[in-house]
Structure formats: structure tokens, C-alpha cells
Amino acid sequence: MARPMLSHRGPEFTAILRRCEELLQPVMGTRNRIFFFASSGTGMMEAGLINILAPGERLLIATHGMFGERFVEIAKAFGAQVDTLDIPWGCAPDPAEVQRRVAAGDYRAVVVVHNESSTGVVADLAGIGAVLRDTPALLVVDSVSGLGGIEMRQDEWGVDILVSASQKCLICPPGLGVVSMSPKAWSVVQRPGGLPRFYWDFRKAQASVEKMETPFTTPVALVAGLHEALGMIHEEGLTQVLTRHRRVSYALQAGCTALGLPPFAQTPDLSATVVCLQVPEGLSGKEIVRGLYQRHGTVIAGSRNKLAGKVIRIGTMGRCTAGDILTDLHHLEETLQSLNWPIAPGTGVSAASEALHER
Ligand SMILES: *Cc1c(COP(=O)(O)O)cnc(C)c1O
């Protein structure tokens, strides 16, 4: 990323962009072309919606956490008719319920967050894709915090628009957005009469991608970084990367549960990229986050919504190893003790070590 800048229209950069696409396609599980934008994840969420909507069209948005709610806000800002699939935070959307709602409504698309980072829950995209496959409704998916850490099979599952961004499991700094769309989505994107769009216009992106370019200046250094990160993922092996995320998050959940902080979500569909933990009565999430940072320089997250103070969230995204989470648990334990939370030394670490042996 720190190399001298290349021309974003020159042959050296075009080769990197092409390679990035080739390396990212198996991570997304797609043969679709991939568009790269200078954008955070939210920009890509917006792009995913405005490219498929015509004025007054209806969306069904699953709201099982903060990012589902963000999709609702974006859709409303553009005048879409929004129905929500209201799901208690900590649960996953039920494909049968999606099927029932779609049969009863006239939806342009169903919108689902793959990995709800606010609650640590994964949606069953294979199940939801299967019920939408033979309907006119598209499946729009945000996998910003999932892609590269949990399985994604865009083509097989029938995901029509898949958006993600560089800064989570793709192991890069923030600022690079990625999206790929199915042929079914493309037929909707290119029809006349859709919403106004310019920078985000997938029709422009499609025309450019055929020349292995982007319509506007690509963030060259970020693409170079993504190229390197994808190289790391494939060097370890995509299957091994996904297994490592499952193993490490499982052990972290076990360790935290032993410390009295069980997963917030009561579901088997727990995320392998972010562990969202319930803070027990008598402790404050904010103090734990602050304590870990001040005492150990470890950055974890609290919550910035209605769960503020009630949960803490620990990322296992990207290059996170068993050694990392054992260290985190040791430090978490020490921080909890400093907050007068009674635990025997080693409780979390030993529960996690046992869990690591199981898997
Ligand atoms: C991080 C994240 C985003 C993106 O947020 P930005 O700050 O705009 O990059 C979107 N969706 C989910 C599920 C996320 O975890």
C-alpha cells in the first residue's frame, strides 16, 4: 500500500484489479463481475438499494439488529415503500416467514444483513435464497462483516446483490467497497425508469468493468492492500480461514461464558466473526471496554444502540488466532477482576483451551 502510486488507468494497476477480482470471486462464491468503489460499507448498502428501485416500489427488510434498521433508514430516505420483517434482536430471520410475507406482498427485493454485527447473529441465506429463487423479488445482502470470515456462496444461494467493504474480514483499512450482482439483478438494474443515480450507478460500473476499469478514480492503495490480503486468505486456504474463524469464536464464546458473560443471542446461528456478549447485572459494558483499553491497549467494542452498556463485542475477524483470543481472555479476566467481578484466575482461559481441543 505504501508503494509509489500507480496510474489508476495504467496497465500495472489494471493487472492488480483483475487479480483482486479473481481472488475475491471464490470468497464471494460467485462468477459475477465485481465492482470496486471508494466507499464505506454504508455507501454500498445505499448503492445496492438505489440501483434496483423504481419510485414507489416496495421492499421487505429484515430487522434483527442495527444494520437492518440502517437499511430501513436508507430505503426511506429514497422514498421506497418499506415493510419490515420484525425479528427480536438476537434471533435470525426465518426463511418460512420470508416466504409467507413475499407471497402476500409485491416486493422488488428482500433485504437481509448476513452477519448482524450488532447482535452476533448469522442469517440463513441459503434458506432465504431458496424461497426467493422463483419469484420476481431480488435478494439484497449486506455481508460487510461476514465476507471472508463466514461462508458466502452467492451464486449457489441465489444472492442477487452482495455488498461488502474492505475493513472487516477482508483485513484492510476502511474505504474500499465491493459489490457483485446476479444476472437477475442486472435485468432490474438496467431497466428504464429506476431511481436517479450517478456515482453509484451499476450501469456505469458494468460498462467499465468490461474494460477492467472503474468509472471514477479507484482508491489505488486500498486495492493494492486488498490484493495482498486476498493473497493471505488464499495462502492459508479459504476453507481453513473459515474453520479458524469458527474455532476461535467458539472458544472465545466458551471462555466468556465461563467468566459469566454468555453470548447475547440465544440461537445456534452465532457469528464466527463477532462475538456479542451479554454483560451481567452489576457490570457495565462501557467500563469493560474502557478497562481493556486502558489496562491492556486492547480495543473491543461496546454498543452504539439500544444495547449500549448491556453487551460487549469482540471481533475475531481476519487474522485472529487462538493465541489472540487466549490473550484477550487473560486480559478480560484481569479487567473484570479490577471491576470487582469475582472470578477464579484462569477461568476463561482454561474454558477456551478446552473448547479449542474439542474443535
Ligand atoms: C461495519 C458494517 C457496515 C458498514 O459500516 P461503514 O461504517 O459504513 O463501513 C455495514 N453493515 C454491517 C453489518 C457492518 O458490520
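Coordinate-derived values only; no laboratory data. Source: prediction; values computed, not measured. Cβ placement follows ideal geometry from the backbone for every residue including glycine, while neighbour counts extend to all protein chains displayed.
Worth a mention:
- Hydrodynamic radius by Kirkwood, which averages 1/r over all alpha carbon pairs of the range 4-119, in angstrom: 16.4
- Stokes-Einstein D in µm²/s, Kirkwood radius over Cα pairs - the chain at 4 °C with 1.567 mPa s viscosity: 61
- Ellipticity estimate at 222 nm from DSSP helix runs (n ≥ 4, -39,500 (n - 2.57)) divided over the chain, nearest 500: -13500 deg cm²/dmol
- With a cut-off of 13 Å on the backbone N, no residue of the range 142-165 is near the modelled label site 7 Å out from ARG100 along Cα-Cβ.
- If the segment from ARG19 to ALA126 were pulled out straight at 0.36 nm per residue, it would be longer than the present Cα-Cα gap by 35.7 nm.
- Max mean-square fluctuation residue, GNM over the chain, Cα-Cα springs under 10 Å, options LEU283, LEU307, LEU60: LEU283
- Over the range 1-72, the fraction of Cα-Cα pairs per 5 Å bin, rounded to whole percents and listed from the shortest bin up, is 3, 11, 15, 18, 18, 15, 8, 7, 4, 0.
- Amide hydrogen neighbours beyond the local backbone of VAL274, cut-off 5 Å, H modeled: THR316
- Gyration tensor over alpha-carbon atoms, the range 166-302, equivalent ellipsoid semi-axes in Å: 39, 19, 17
- If R0 is 35 Å, the Cβ-Cβ spacing of THR217 and ARG153 corresponds to a FRET efficiency of close to 0.65.
- TYR293 versus ALA77: modelled label distance in nm, points set 7 Å from Cα along the beta carbon direction: 2.5
- Relative to the Cα centre, the charge distribution of the range 1-98, modelled as +1 at Lys and Arg Cβ and -1 at Asp and Glu Cβ, gives a dipole magnitude of about 640 debye.
- Taking PHE37, PHE198, PHE67 in turn, the Gaussian network model of the chain (Cα-Cα springs below 10 Å) assigns the largest fluctuation to PHE198.
- Rounded to 5, the percent of DSSP beta bridges in the chain classed as antiparallel: 55
- Net length gained if the chain between GLU235 and ASP134 were fully extended (0.36 nm per residue, minus Cα distance): 32.6 nm
- The count of lysine pairs in the chain with alpha-carbon distances below 28 Å, taking only pairs 8 or more places apart or on different chains, stands at 13.
- Top of VAL159, VAL112, VAL220 by mean-square fluctuation, Gaussian network on the chain, Cα under 10 Å: VAL220
- With K and R counted +1 and D and E -1, the other residues having a Cβ less than 13 Å from that of GLU334 yield a net charge of -1.
- Cα-based helix-to-principal-axis angle, 285-296 vs the chain, degrees rounded to 10: 80
- Prolate/oblate/rounded call for the range 245-309, Cα gyration tensor, a/c under 1.5 rounded: prolate
- Per the Cα gyration tensor, the range 67-146 maps to an equivalent ellipsoid with semi-axes of 18, 16, 11 Å, ordered largest to smallest.
- Relative to the longest principal axis of the Cα atoms of the chain, the long axis of helix 322-338 lies at roughly 50 degrees.
- Taking label points 7 Å from Cα along the Cα-to-Cβ direction, HIS357 and ASN340 give a separation of 3.6 nm.
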